[in-house]
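Some notes on the structure that comes next.
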Amino acid sequence: MLRRLCLCLVLMVLAACASTGGENAPRPDLGDFRLGHNIVVAPNLVQGPFSREAGAEEWIEAMSTAIDRRFSGYEGTRLYHLGVSVDGYVLALPGVPVVAAPKSVLLVQVTVWDDAKARKLNPKPKRFTVLEELSGDTVVGSGHTRTREEQMETLVRNAVRQIEAWLVTQKRTQGWFEGTQATARAPAPAAPAGDVAPDDAGPAGDAPADG
């Protein structure tokens, strides 16, 4: 009985930790960063086993929206373009035995372009494996507790937060986005997608470097 209680308390703490840092969380310092182009592609999208289905266009729209929502709040004087390739996913199915606790997963690659220098900041794509946060309704598998759309929303939101954390690390360790701390601003005007080739978004090894 005591062991079960301890386990429940641990899960509650983990769930609380996972729930912090949502879309409305304060933005960390990204120096002189300002979002330019937001290019998302999915040329080689793979659906994993025991997964609900979601098309490439759905992932592109969901990821593009999440990136714009998070990064358009940075006020900087230097433009940086994000190229993202959505490579694979699993959206946990309902009907799978609860004991298996199936989890949803998203695989993406990211490239960052410096507009002023007209070059990539990371020669090779940075790869991310994005998982659902641990919460009361994912412990038994989100396929039992969330809709397909809710699973996608959670994954793209978590992906964007991972990307943001990586950019903060690159700023600190590699000197990216030199300048003063950014502040909130209105979204930047949309730029023609043709200025950044979709093939450079990171699908096949021609994306952002891990730095």
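Just so you know, all these numbers are worked out from the coordinates, no wet-lab data involved. Note that the coordinates shown come from a computational prediction; the quantities given were computed from them, not determined experimentally. With ideal geometry, Cβ positions are generated from the backbone for all residues, glycine too; neighbour counts draw on all protein chains shown.
A few remarks follow.
- Between Glu153 and Arg69, the modelled label-to-label distance comes to 0.7 nm, taking each label 7 Å out from Cα in the direction of the beta carbon.
- Near the amide H of Leu93, within less than 5 Å, lie the amide hydrogens of Arg52, all on another chain or at least 5 residues away, with H placed in the peptide plane.
- Residue exposure proxy: Arg157, Arg69, ordered by other Cβ atoms within 10 angstrom of their Cβ from fewest to most, comes out as Arg69, Arg157.
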